[in-house]
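**Q** Here it is, the structure, as structure tokens.
The values are calculated or read from the model by the stated rules, or taken from the named source; none is laboratory data. Here the structure is a predicted model, which means the values were calculated and not measured. Heads up, the Cβs are rebuilt from the backbone with ideal geometry, glycines too, and the neighbour counts pull from every protein chain shown.
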Amino acid sequence: MGVAVTELGSAHAAAGSTSLVVTTTADAPAGSFIVGAAGAASATALTGVADAAGNAYPLGTVFNSGTAQGRYFHAPVATDLPAGSAITFTFAATAGAKLAIATAVTGLAGVDVEGAPAGGTGTSFQIAAGALGWAGEIVFDAFILAGGGGDAIGEDGASTTDGSVSQGAQLHLAHRIAATPAAVTYTASGPTSRSWAGNYKTFKAAAASPFNRAAQFTYLEF
């Protein structure tokens, strides 16, 4: 079975709280991964993610534009999370509006790599991933725009949008499935020049092939 991505939902809330809840609109079955990004329209960091089924969520590296920041989260789903469940995001402070996007991904073997954050100012948002470890990997790209107020994002031509949510800042998430392990560059665009930051995160497909990893061979003697 190949990799498949299902949008679980997104949420945003004004400044004044240290938490945000996404209520899922689809199932995340046991054996899948929940993958997404969350952030704030301030220097306030995401510090934890939890769901109603008790799945564990490691957090990624912060990507910070200076006045808005985000980070990845993911969870190998040990216990099925049905539609209508709560995923709760906890932040370090009440400052800044809070934003989150979540997806469920089936057909994965595990995490491969998370890149070094990228960023700048302009109308083009470019995130370059190095050579991938495996063919068939899924590559997520997430970025946050300082002051983004629902900008119409021109999506990268090779990627599929998983969500775009705004309040005080704009958080955007997309993915592509790489047919080969060649390096890929994600490029999205917006109508207004903005300070932005983002990063990529890759996951190995269950049937992925390690084209650029050292091959291992077993020799049988008869």
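**Q** Which one of these does L145 not meet: (1) farther than 27 Å from A28 by Cα; (2) part of a loop (DSSP other than H, G, I, E, B); (3) in contact with a Lys or Arg (Cβ under 7 Å, 6 or more places away or on another chain)?
**A** Here L145 meets the rest and fails (2).
**Q** If we keep just the residues of segment 148-164 that are of a type outside the set (D, E) and in a strand (DSSP E or B), which is farthest from H74 (Cα to Cα)?
**A** G154
**Q** Let me ask something else about it. Do we find that T123 is surrounded by fewer than 16 Cβ atoms within 10 Å (Cβ to Cβ), of a type in the set (V, I, T) and closer than 21 Å to V21 by Cβ in this structure?
**A** no
**Q** Right, here's the next one. So how many residues does segment 34-50 have that are buried (at least 22 other Cβ atoms within 10 Å of the Cβ) and either closer than 27 Å to K204 by Cα or touching a Phe, Trp or Tyr at 6+ places or on another chain (Cβ under 8 Å) (or both)?
**A** Summing the residues that are buried (at least 22 other Cβ atoms within 10 Å of the Cβ) and either closer than 27 Å to K204 by Cα or touching a Phe, Trp or Tyr at 6+ places or on another chain (Cβ under 8 Å) (or both) in segment 34-50 gives 9.
**Q** Scan segment 62-84 residue by residue and report those that are surrounded by fewer than 18 Cβ atoms within 10 Å (Cβ to Cβ) and modelled with pLDDT of 95 or more.
**A** Passing the criteria: V62, P76, A78, T79, D80, P82, A83, G84.
**Q** Something else about it: Give me the pairs: first residue in segment 152-178 and within 11 Å of G190 (Cβ to Cβ) and touching a residue at least 24 places away in the same chain (Cβ under 8 Å), second residue surrounded by 19 or more Cβ atoms within 10 Å (Cβ to Cβ) and hydroxyl-bearing (S, T, Y), beta-carbon distance under 6 Å, and six or more apart or on different chains, which are they?
**A** From residues that are within 11 Å of G190 (Cβ to Cβ) and touching a residue at least 24 places away in the same chain (Cβ under 8 Å), the pairs are I153/S164; H172/S164.
**Q** Here's something else I'd like to know. Test T202 against the criterion of being surrounded by fewer than 16 Cβ atoms within 10 Å (Cβ to Cβ) and not basic (K, R), and give yes or no.
**A** Taking the combined requirement at face value, the residue does not satisfy it.
**Q** If I filter segment 165-222 down to residues being of a type in the set (F, W, Y) and part of a loop (DSSP other than H, G, I, E, B), which single residue comes out as modelled with the highest pLDDT?
**A** Out of the qualifying residues, it is F211.
**Q** Among the residues of segment 1-60, what is the count of those that are more than 18 Å from F143 (Cα to Cα), hydrophobic (A, V, I, L, M, F, W, C) and in a loop (DSSP other than H, G, I, E, B)?
**A** Selection size over segment 1-60: 9.
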